[in-house]
Amino acid sequence: MEDSQFFDSPPTRRSRRSKKWFIILVLFIFLLIVGGVAAKYFSGANNQSATKTSPTPTDFIFPTDTPMPSGKLTPSPAVSPTITSKGNITVLVENGSGVAGAGSKMSAYLKGLGYNVSGLSNADSFNYQGVTIEVKKNNASLLSQLKKDISSSYTVGSSSASLSSSSSSDAVVIVGK
């Protein structure tokens with residue numbers, strides 16, 4: 001009979017208090033875990049935006065018909081050694097048409113293509129037909145580039161590599177009728 005009283009008796013104050021503290025302790029640990037996970041999540045989101053990097057360019061070798069030597073691949077230069085870029089080429093533009101503004105229009109066109117226009121003047125006569133291009137002999141490769149660039153908007157009448165080597169410009173472009 002004593003055994004039945006032991007199990008059926010109401011819980012003591014001490015056991016109620018220990019259950020209450022146990023529940024509080026479990027809730028406290030649960031909140032710590034949730035808080036830690038939340039802090040990790042939000043700090044990870046901030047770190048991701050702070051550590052984003054822009055893509056770095058990669059070297060790309062364009063295929064050519066010219067075989068490359070084995071070993072380290074390096075692209076061949078696309079420009080002749082005497083001319084490094086259009087901005088380094090000085091071009092004198094002359095109006096040989098007699099039409100006001102024809103030389104200025106060609107000058108603006110060449111500047112738009114990246115050439116360095118060194119001057120603008122009238123030609124020795126106004127009887128030129130089409131566009132005449134003259135370059136120095138040592139810049140003969142420039143002739144084909146200028147002819148290609150100008151012929152997309154103008155009619156090229158004549159071109160030659162006969163410009164005097166003492167000329168202050170690398171090329172002379174004369175705008176004709």
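Numbers below:
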| quantity | calculated |
| --- | --- |
| Unmet requirement for residue 160, which otherwise passes all of (1) in contact with a Leu (Cβ under 8 Å, 6 or more places away or on another chain); (2) part of a strand (DSSP E or B); (3) surrounded by 14 or more Cβ atoms within 10 Å (Cβ to Cβ) | (3) |
| Test set (1) over 16 Å from residue 105 (Cα atoms); (2) touching a helix residue (DSSP H, G or I) at 6+ places or on another chain (Cβ under 8 Å); (3) of a type in the set (S, T, N, Q) - residue 153 fails condition number | (1) |
| Test result for residue 99, outside any strand (DSSP E or B) and aliphatic (A, V, I, L, M) | yes |
| Qualifying position, being at pLDDT below 80, surrounded by 10 or more Cβ atoms within 10 Å (Cβ to Cβ) and aliphatic (A, V, I, L, M), among 61, 89, 24 | 61 |
| Filtered residues of region 111-165 (kept if among the small types (Gly, Ala, Ser) and touching a Lys or Arg at 6+ places or on another chain (Cβ under 9 Å)) | 114, 130, 159, 161, 162, 164, 165 |
| Cβ-Cβ under 6 Å pairs, at least 6 apart or on other chains, region 155-177 side at pLDDT 85 or above, far side among the aromatic types (Phe, Trp, Tyr) | 174/128; 176/128 |
| Check on residue 151, touching a residue at least 40 places away in the same chain (Cβ under 8 Å), polar (S, T, N, Q) and surrounded by 14 or more Cβ atoms within 10 Å (Cβ to Cβ) | no |
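The values are calculated or read from the model by the stated rules, or taken from the named source; none is laboratory data. Computed from a predicted structure; not experimentally measured. Ideal geometry is used to build each Cβ from the backbone, glycine not excepted, and the neighbour counts take in all protein chains shown.
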